[in-house]
Amino acid sequence: MMKSIQARRFQARATPIPSATPGTMDSSLVTIFDGDVEIGNYQRNYPSFAETTFEPFEQGGEWYALYSPDYTLTRIMKLPECRDIGSEDHHSNGFCPVELFVPRYRMVTAMQPFPGPERESLWFESDGEERRDPSSSSVRSSFSLGPWRSLDIGFVAGCHWGDDSSWKLEVFDLSRAADGVLHRTARFGHLQLGKLPLADAIRLNRFLPYYELRATIIQQQRWDVRTGALIDQYDE
């Protein structure tokens, strides 16, 4: 599942800012665009991951973004005003994001060519782009594509300070994002990601009435070749 540019109204581009003080980190100027129109910017106090730590999402017909102006936190921005509305604060041992991802999807309603109820499914990201022609299916069905929507959860890849040997995956509850409130948890436990963009590492699907939303996640594991034992990275 590749991230769909078509599904996101806003995007960010980063420009490096060299530090004027020897011994201190460079930073980044992150410029925000609404389509091709520049609408605002902010400075991130870290030279890397500036573009991947800006992620727009839609909620209740309004646009917001998860973003990381400080490398130890994630906050919420109201769009298109580019106004910070709150959430995490700087913490010396905070979770340092390197990528943010709020999946976008479209509701697809299919009427089968034989008597029976309509079937609803979710097409995520590039699967939901209009260039994918549902009529090419081997089963002749009529399809109705709904508007783009964002999930009410977001994913964050990153690490706690000093534990950057691999990226871990945590989850944001976005149900109160409009109030500037984020709740982050390690919902899937201590999960180490492989070196892939989140949109490629996480495959989402829902198959009603059999099961609700589920995720297939590509993760990183280390094994002893001779014994076949799974290695805990903290034991090495």
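The values are calculated or read from the model by the stated rules, or taken from the named source; none is laboratory data. What you see is a predicted model; the values in this text were computed from it and never measured. Glycine also receives a Cβ, built like all others from the backbone with ideal geometry; neighbour counts cover every protein chain displayed. Note: accessible area is taken over every heavy atom of the protein model, side chains too, but ligands, DNA and RNA are not part of it. Shrake-Rupley method; radii C 1.70, N 1.55, O 1.52, S 1.80 Å.
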**Fill in**
Contact list, first residue from region 190-201 and part of a helix (DSSP H, G or I) and of a type in the set (Asp, Glu), second anywhere and modelled with pLDDT under 85 and surrounded by 13 or more Cβ atoms within 10 Å (Cβ to Cβ), beta-carbon distance below 8 Å, six or more apart or interchain, is ASP200/MET1
**Asked** Yes or no: LEU122 free of Cβ contacts under 8 Å to residues at least 60 places away in the same chain, out of contact with any Gly (no Cβ under 7 Å at 6 or more places or on another chain) and aliphatic (A, V, I, L, M)?
**Response** no
**Request:** Identify, from the list GLY86, GLY94, GLY40, the residue that is within 23 Å of TRP167 (Cα to Cα), open to solvent by less than 30 Å² (accessible area, probe 1.4 Å) and more than 18 Å from the chain's Cα centre (by Cα).
**Result:** GLY94
**Request:** Quick one: count up the residues across region 6-37 that are modelled with pLDDT under 95, closer than 30 Å to ARG149 by Cβ and more than 20 Å from the chain's Cα centre (by Cα).
**Result:** 1
**Asked** Can you tell me which residues in region 189-207 are over 18 Å from ILE153 (Cβ atoms) and touching a strand residue (DSSP E or B) at 6+ places or on another chain (Cβ under 8 Å)?
**Response** HIS190, GLN192, GLY194, PHE207
**Prompt:** Limited to region 82-100, what total is found for residues that are assigned to a loop (DSSP other than H, G, I, E, B) and either under 18 Å from LEU169 (Cα atoms) or touching a residue at least 40 places away in the same chain (Cβ under 8 Å) (or both)?
**Reply:** 5
**Asked** Somewhere in region 55-62, is a residue open to solvent by 30 Å² or more (accessible area, probe 1.4 Å), of a type outside the set (Lys, Arg), within 17 Å of PHE101 (Cα to Cα) and touching a residue at least 12 places away in the same chain (Cβ under 8 Å)?
**Response** yes
**Asked** Taking region 147-180 on its own, how many of its residues are of a type in the set (D, E, K, R) and open to solvent by 70 Å² or more (accessible area, probe 1.4 Å)?
**Response** 5
**Item:** Leading residue by the ranking (least open to solvent (accessible area, probe 1.4 Å)) among those in region 11-26 that are hydroxyl-bearing (Ser, Thr, Tyr) and assigned to a loop (DSSP other than H, G, I, E, B)
**Value:** SER19
**Message:** Being modelled with pLDDT of 95 or more and touching a Gly at 6+ places or on another chain (Cβ under 6 Å) is the requirement here; does GLY154 meet it?
**Reply:** no
